[in-house]
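Notes to accompany the following structure.
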Amino acid sequence: MIITSFQNPAIKFIQSLEKPRERRDSGLFVFEGIKELSLAIEGHFDLEKIFYSSSLILREEIERMTQGQSVELIEVSKEIFNHLVYRKDIANVLVLAKQKKHDFAQVDLPEDALIAVIEGIEKPGNMGAILRTADAAGVDAVIIADGKTDIYNPNVIRSSVGCVFTMPILQASSVDALNFLQKNKFNIFTTYLFTDHYYYQSNFKGKTAIVFGSEDRGVTDIWLEESIKKIKIPMQGKIDSMNVSNSAAILLFEAVRQRTKI
């Protein structure tokens, strides 16, 4: 049976998950795209339902991808499918999945781990871009400290190009994140506008955590204690700061450069 009514309870529930509260209360989220589906399977996410239109993808192709998964396939009209997804006529599946836990017990870090900490990030696009950069740089984990947007926001998933599913992500308060890093003897570097120390003067080898603050306020005072090294990017123009996702790319790849054996 093909769902053709916008009043269908399953369709109305999917639409409700656009709200952060509904995602939080249900423990569920939605994402779109066949590439993202393959990454979610690789990341061992529990899939509940997959909505599709046969005008965009064959049921058999989805069945091949999800072989061994206990997931319900639901066909909808093309009109309904395009109403539900952001990338109309491109995203050929819409997936309902369970959220994962993201506490410190869920990750096993190597001895010389490189971690990115992002504190108070509000814009989903920035969070997704940083996750994508972290994946490209081979960062061992990303800690989202006092996050202002949840990682299952559809815009985070889209802008991360599915890195949400495969990147080890931890969520914590800034206090707990700092305690974890100090307890595990990380060298902590925080981006800070009012320092004279440039990032390329730092040693990012060994256990390293680099902290990036929110778009408008930077890091909070907890990351400015004496034991934490403050670093900045030299600015040659008229403004004194960069987009946080660009800053993350510069610093994380400098850490990779230093840690790469040639």
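The values are calculated or read from the model by the stated rules, or taken from the named source; none is laboratory data. The shown structure was predicted, so the numbers you read here are calculated from the model rather than taken from an experiment. Quick reminder, even Gly has a Cβ in these numbers, built from the backbone with ideal geometry, and neighbours come from all protein chains shown.
Key figures for this structure:
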item: Filter pass, residue 165 being aromatic (Phe, Trp, Tyr) and modelled with pLDDT of 95 or more; result: yes
item: Count of the stretch 154-173 residues which are out of contact with any strand residue (DSSP E or B) (no Cβ under 7 Å at 6 or more places or on another chain) and surrounded by 21 or more Cβ atoms within 10 Å (Cβ to Cβ); result: 7
item: Some residue of the stretch 27-42 being surrounded by fewer than 14 Cβ atoms within 10 Å (Cβ to Cβ), assigned by TED's automatic domain parsing to the domain that holds residue 91, within 24 Å of the chain's Cα centre (by Cα) and in a loop (DSSP other than H, G, I, E, B); result: yes
item: Residue 74 being touching a Phe, Trp or Tyr at 6+ places or on another chain (Cβ under 7 Å), in the same structural domain as residue 159 (by TED's automatic domain parsing) and more than 16 Å from residue 39 (Cα to Cα); result: no
item: Residue within the stretch 125-142 that is among the polar types (S, T, N, Q), under 10 Å from the mean Cα position of the chain (by Cα), modelled with pLDDT under 95 and in the same structural domain as residue 250 (by TED's automatic domain parsing) present; result: yes
item: Set 189, 204, 194: member being part of a loop (DSSP other than H, G, I, E, B) and crowded, with 20+ Cβ neighbours inside 10 Å; result: 204
item: In the stretch 39-54, the residues that are within 13 Å of residue 93 (Cβ to Cβ) and touching a Phe, Trp or Tyr at 6+ places or on another chain (Cβ under 9 Å); result: 39, 40, 41, 51, 52, 53
item: Failed criterion for residue 180 (all others in (1) assigned to a helix (DSSP H, G or I); (2) hydrophobic (A, V, I, L, M, F, W, C); (3) modelled with pLDDT under 95 hold); result: (3)
item: Residues being of a type in the set (A, V, I, L, M), farther than 24 Å from residue 84 by Cα and outside any helix (DSSP H, G or I) - total across the stretch 115-167; result: 12
item: From the options 61, 79, 75, residue that is of a type in the set (Asp, Glu) and part of a strand (DSSP E or B); result: 75
item: Filter result for the condition that a residue is in the same structural domain as residue 144 (by TED's automatic domain parsing), without any contact (Cβ under 8 Å) to a residue 12 or more places away in the chain and among the polar types (S, T, N, Q), over 187, 179; result: 179
